[in-house]
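The structure appears right after this line, and notes come after that.
The values are calculated or read from the model by the stated rules, or taken from the named source; none is laboratory data. What you see is a predicted model, and the numbers here were worked out from it, not measured in a lab. Glycine gets a Cβ as well: all are built from the backbone with ideal geometry, and neighbour counts include every protein chain shown.
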Amino acid sequence: MVKIPTTDVAHVARRLAQAADLQGNRDGVASPSEIKGLRVPDNLQDWTLDGENDAGRAAYQALQGTAEATTVRTLAPALVALPPALRGLALELDAVWGDSDGHLSAAEIDKVARFTLAALPFFVPDAEAIIELAGALGYGGEGDGAPLANVLNLRLALAQVPAGTAEKNAPFRALLDEAIQQSDAVGMPELLRNAARHNPRYHSLSVLEHTAYAVKAIDALNTAAGTSFDAGPAIMLLHDVGKIIDRQLWTHDDGSLLGYSFKGHEAAGAAWLEARGFDADMLLHVRFHGDYRTMDADEIRGLCTDEQTLGEAMLVLLADSLAKGNQPATVESIDAELPKIATLLEEAGLDSELVIDAFKEFRASWFTAEAIHDA
């Protein structure tokens with residue numbers, strides 16, 4: 001049995017109702033037809049809550065029973081009254097990133113704004129929509145509400161994004177969206193967006209938050225190194241796509257859910273992307289981004305046939321580590337490899353001292369001064 005970290009059967013039923021509305025017309029109510037057509041995870045019958053067997057099945061059956069008589073409200077009236085596009089976004093933020101209570105708090109909007117800001121070049125349309133939604137609810141520095149730091153920062157950053165950036169990055173974003181749609185987390189989205197599902201010994205961020213910060217990290221390191229690794233952000237957006245499409249349950253001895261095992265996610269992600277036309281250089285970094293840390297220098301040289309690819313591999317390794325946070329196990333693991341990384345950076349013609357100093361500075365400032373999970 002899998003113990004789902006939520007409060008009661010009613011809460012799971014509410015999440016499932018929102019999932020049905022998200023798959024349907026996003027109008028703020030889950031209709032009987034939407035509920036009956038709800039796609040649910042294969043392991044639904046194995047969800048348990050606080051030791052109660054078959055709670056997932058019970059929640060699903062309760063929702064189906066409710067739908068026989070009436071629709072199920074998924075959003076509060078104030079959110080239902082929003083224009084259709086904003087209403088759909090509000091539903092998504094509450095159901096996917098929030099607490100699924102039908103309301104949308106300032107903290108929930110600010111949390112999503114932070115995530116969007118970290119990988120903004122791939123989320124320009126999302127950023128525009130979040131800013132509009134925050135303004136409509138009085139959370140964006142307009143109206144009576146207090147301005148939210150991340151929403152305001154998002155607005156400022158958006159003004160600096162070059163024209164055409166969103167269009168250029170759309171194909172890579174589409175791949176990420178396809179993987180999420182293929183995921184089996186319908187109705188329980190926190191399984192992808194909860195850091196507890198992402199080995200907390202090495203990660204302070206959820207799978208998707210890690211992905212966003214990996215994009216931010218490669219951009220920052222690219223600037224520090226003075227390189228033109230234009231493919232880097234796209235690679236980091238998709239480097240962990242294997243964790244989304246190929247996850248295995250990781251449980252305690254008593255069967256309760258500890259998280260997921262992502263063993264083999266690099267190969268799974270690379271194969272998935274190869275089938276969708278990724279080029280060889282990008283596939284190399286997706287396939288081996290986790291192995292660069294444990295390989296010796298000669299093994300990495302054998303994979304990277306030129307100096308440019310070698311330098312890119314080291315930036316990918318540092319960006320991936322940086323986006324994991326500053327847990328002691330993560331810091332200890334990557335710091336033990338810094339001499340090897342420095343040697344290979346120099347062989348690639350990069351200033352290793354400059355790059356590694358920047359790496360350490362970013363790690364300290366991003367994950368201590370910035371409270372990632374204050375929302």
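How many residues are touching a residue at least 24 places away in the same chain (Cβ under 8 Å), within 18 Å of N150 (Cβ to Cβ) and under 15 Å from the mean Cα position of the chain (by Cα) when one looks only at segment 94-107? Give the steps one after another, and end with the answer.
Going residue by residue through segment 94-107, those that are touching a residue at least 24 places away in the same chain (Cβ under 8 Å) are 94-97, 100-104, 106-107.
Still in the list and also within 18 Å of N150 (Cβ to Cβ): 94, 96-97, 104, 106-107.
Still in the running and under 15 Å from the mean Cα position of the chain (by Cα): 96-97.
Count: 2.
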Task: Residues that are under 14 Å from K243 (Cβ atoms), part of a helix (DSSP H, G or I) and hydroxyl-bearing (S, T, Y), drawn from segment 200-224 - done: T211
- [ ] Kindly indicate the residue of segment 237-255 that is part of a loop (DSSP other than H, G, I, E, B) and within 19 Å of the chain's Cα centre (by Cα) and also modelled with the highest pLDDT among those meeting that condition.
- [x] H239
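For the condition at pLDDT 95 or above, outside any helix (DSSP H, G or I) and surrounded by 14 or more Cβ atoms within 10 Å (Cβ to Cβ), what is the one hit in Y260, Y292? Break it down stepwise before answering.
Details: Y260 fails: at pLDDT 95 or above.
Checking each option against the conditions leaves just Y292.
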Open item on the list: Please pick out the residue among D94, D101 that is closer than 20 Å to A19 by Cα and surrounded by 23 or more Cβ atoms within 10 Å (Cβ to Cβ).
Closed with: D94
Open item on the list: Of the conditions (1) surrounded by fewer than 21 Cβ atoms within 10 Å (Cβ to Cβ); (2) more than 30 Å from A10 (Cα to Cα); (3) at pLDDT 90 or above, A163 satisfies every one except a single condition; which number is it?
Closed with: (3)
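A quick yes/no check of all residues on (1) farther than 17 Å from M282 by Cβ; (2) touching a Phe, Trp or Tyr at 6+ places or on another chain (Cβ under 9 Å); (3) modelled with pLDDT of 95 or more:
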| residue | (1), (2), (3) |
| --- | --- |
| A196 | yes, no, no |
| P200 | yes, no, no |
| S204 | yes, yes, no |
| V207 | yes, yes, no |
| T223 | yes, no, no |
| T227 | no, no, no |
| D230 | no, no, no |
| P233 | no, yes, yes |
- [ ] Tally the residues that are more than 29 Å from A231 (Cβ to Cβ) and either touching a strand residue (DSSP E or B) at 6+ places or on another chain (Cβ under 6 Å) or modelled with pLDDT of 90 or more (or both), restricting the search to segment 106-134.
- [x] 4
TODO: Report the residue count in segment 314-332 for those that are surrounded by fewer than 24 Cβ atoms within 10 Å (Cβ to Cβ) and either in contact with a Cys (Cβ under 7 Å, 6 or more places away or on another chain) or assigned to a loop (DSSP other than H, G, I, E, B) (or both).
DONE: 3
